[in-house]
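Just so it is clear, none of the values below were taken in a lab; they were calculated from the coordinates. Predicted model only: the values in this text are computed from it and were never measured. Reconstructed Cβ throughout: ideal geometry from the backbone, glycine too, with neighbour counts over all protein chains shown.
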């Protein structure tokens, strides 16, 4: 019970408890956490939910208890991975057991994750609570845990750096191995193999390898198209390592790039560099987006940069903060996000460059080593 | 307009239209399909949703229109893959555009997927409709499309058989390659590599390789533990091929299995065989579960079989019907499900055997060839 000895997980649970007391409409006495990354962030429990309809467990957090509710498939794993939590094994679905469990807690105001809970489960719970003798009010947590996850602690920064370095080494190796005639699928598989042998738990998202005209599609899926000289080849990939994700993009050329691609490459690189240099605590996410967008606009390619500049990265590949033209967020020390401007010319091709950067007390640190970047 | 010439997708859309008119509380004039497997089942559109919060599109189906709503990243893919659908490209989030689109349809009663739509999106839509001039009632579709997917048509049966054969060949190869000293992760990676080179789009779920005491965890994640002689090694894997999933499990031994494992292996095998032989149209799912469970109970291991006997397989790895001790469902010709009893003794080890079976007019057909099964 010494307050100074707190693991990262205990510290996080305590931070959530504090936020629960500050909830605007009601003093939330219990928070119910079902979202897999939030669950892992608070408890250390690593299990994945194989489908949205199949939960491997959830957390119930009050001011004095921290309970991980799971079923017999996961009891041992939960006890090992989440030692700060009491593990409660239930036999029926949580929606059925929850009213009774919350009865033992004396819960009156339950916070739930409205962005993850389905309408159906909400509806069933509401009915069960209505039928129960004691009244329980349900309140959406409004991204309470997602907001905490925006700022990475030291452990998380290290994990993200490791994940960024691994994908960076992989892309360096693959870049050196590219040859005309290889297919996009072969290149994607090469990345995937190196991820596995490099110790990654998995890819953090399906790898994009897009060559020639396919590079004009920001979310291209690898095809049997063969790589050719002079055309852009976009590699966009990431790994999950110790739970944390990485995400980076390089646009590569075999032989001499065609002049038009050199031209847009230089613009994208300049836009990216300007955005990274603009990052610092207290700047708005929209201002950073604007730094890059303005350069692309002024070069006459504004209509060909159709997506946001970047997104937060952590336990999820895409998380807060978003760096885009809308929804301003004040950047803070400890945030980690991608900076990934691109120019995509339909049917011709595109260029995208993506780094992962961490916001430091005075600026930004690039976590993805700056290799494989052309300096035309 | 010849009624005899209908593709599988058009037939499915028409079957849904019929069900919409039979909805109990209201005549549903529009169904909104967001669940990725349901979307693919009805339209052919193959795109995945990379995260639950990121949709690649959804379907709006009325008695005379079939529209696939997507954004510019997916327009071309949608037009190619879903030729029976009008493709509508939108720029903002669907929750924002939906009220206007439904206005052009004259929608009054919208069916939505309550098991997939989040509370938050539902809530936002409800508010948007309340603010709109025309009233739209929202009705949960109550698994309307999932129910259709329970019975597989001939094309689906063939796709499932292909996927079952591929994972079966892979497990046969891997079983022959197993050696003491290999790690669980290496074995899992071997399975994954063969899946890729064998033409699979992806694994249908993260591969389980669990050796020794790890085999006592039904949902074990592969570790760096080295395989040893005499211990059980559970391989549980599946592939997605042409959209359809497979799922099978073998428990293997290097050298001579220890006597206790031979003993539980024989019980599991007997339980599985009894369940498969019991399957036929018009038997209840709970009765099939009971056939296996009773054998394990009577052998004194009832408490070590903590999960249901099996689950339907199709476009999703886990879908209806569930074969478990609760929730009786009448089996019907054309259903495809796993039969996977197991006995798991904590800290010692476990045995699980899993086949995919199709319900035929007179019994069950095993889709996973019966290799790598010991006959002690």
Q. How are the Cα pair distances of chain B distributed, in percent, across 20 Å bins from 0?
A. 27, 50, 22, 1
Q: Pop a pseudo-label 7 angstrom from the Cα along the beta-carbon direction at both residue A:326 and residue A:287 and give the gap in nm to one decimal.
A: 2.2
Q) Taking a label point 7 Å from Cα toward Cβ, how far is residue B:193 from its twins in the other copies, in nm, shortest first? A) 0.7
Q. What per residue convex hull volume, in Å³, do the alpha-carbon atoms of the range B:186-235 yield?
A. 71
(Q) With the label 7 angstrom out along Cα to Cβ, how close does residue B:361 come to the same site in each of the other copies, in nm, nearest first? (A) 8.0
Q: Choose one answer from B:228, B:46, B:18: the residue with the largest mean-square fluctuation in a GNM of chain B with alpha-carbon springs under 10 Å.
A: B:18
Q) Expressed in whole Å with the largest first, what are the equivalent ellipsoid semi-axes of the range A:154-366 derived from the C-alpha gyration tensor as the square root of 5 times each eigenvalue? A) 26, 23, 12
**Q.** Label 7 Å beyond Cα on the Cβ vector: residue B:151 copy-to-copy distances, nm
**A.** 5.8
Q: Could you work out, residue by residue across B:185-194, how many beta carbons of other chains sit within 10 Å of that residue's beta carbon, and then give the average as an integer?
A: 2
Q) Once the Cβ-Cβ distance between residue A:92 and residue B:259 is put in as r, and R0 is 30 Å, what FRET efficiency do you end up with, to the nearest 0.05? A) 0.25
Q) Which values, in whole Å and largest first, are the semi-axes of the equivalent ellipsoid of the range B:110-203 obtained as the square root of 5 times each eigenvalue of the Cα gyration tensor? A) 46, 19, 10
Q) What is the projected area of the convex hull of the Cα atoms of the range B:119-166, averaged over all directions, in nm²? A) 5.7
Q: Indicate, rounded to the nearest 5 percent, the antiparallel portion of the DSSP beta bridges found entirely in the protein assembly as shown.
A: 80
Q | chain B: most fluctuating residue of B:260, B:143, B:38 per GNM, C-alpha cutoff 10 Å | A | B:260
Q) Among B:100, B:25, B:247, which one moves the most in a GNM of chain B with springs linking Cα atoms closer than 10 Å? A) B:25
**Q.** Two-site FRET efficiency, residue B:148 against residue B:63, from Cβ-Cβ distance with R₀ of 22 Å, rounded to 0.05
**A.** 0.85
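Taking R0 as 51 Å, what's the FRET efficiency between residue B:366 and residue A:360 from their Cβ-Cβ distance, rounded to 0.05?
0.30
Peptide A:16-28: average number of partner chain Cβ atoms within 10 Å per residue?
The per-residue average across the peptide is 0.
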Q | Against the rule of thumb 2.2 N^0.38 Å, how large the Cα Rg of the range B:29-71 comes out | A | 1.10
Q.
At a threshold of 8 angstrom on Cα-Cα distance, excluding pairs fewer than six apart, so keeping six or more, what relative contact order does the range A:9-148 reach in percent?
A. 24
Q.
As an exercise, take the mean of 1/r over every pair of distinct alpha carbons in the range A:9-148, invert it, and state the Kirkwood radius in angstroms.
A. 15.0
**Q.** Difference of contour (0.36 nm per residue) and Cα-Cα distance, residue A:126 to residue A:177
**A.** 12.7 nm
Q.
Can you divide the C-alpha Rg of the range B:295-376 by 2.2 N^0.38 Å and report the result to two decimal places?
A. 1.19
Q. Label points 7 Å out from Cα along the Cβ direction at residue A:297 and residue A:162: separation in nm?
A. 4.2
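The protein assembly as shown: Rg/Rh from Cα coordinates, Kirkwood Rh?
Result for the protein assembly as shown is an Rg/Rh of 0.95.
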**Q.** Distance in nm between pseudo-label sites at residue A:375 and residue B:22 (7 Å out along the Cβ direction from Cα)
**A.** 7.1
Q.
Using only the alpha-carbon atoms, how far is helix B:184-197 inclined from the longest principal axis of chain B? Give it as 0 to 90 degrees, nearest 10.
A. 50
**Q.** Residue-averaged 222 nm ellipticity for chain B, from DSSP H runs of 4+ at -39500 (n - 2.57), nearest 500
**A.** -11500 deg cm²/dmol
Q: State whether the range B:212-291 is rounded, prolate or oblate according to the following rule on the C-alpha gyration tensor (a ≥ b ≥ c being the square roots of its eigenvalues): a/c under 1.5 gives rounded; otherwise a/b larger than b/c gives prolate, and the remaining case gives oblate.
A: oblate
Q.
I'd like the antiparallel share, as a percent to the nearest 5, of DSSP beta bridges with both residues in the range B:1-117.
A. 55
Q) Just counting partner chain Cβ atoms within 10 Å, what average do the residues of peptide A:69-81 show around their Cβ? A) 3
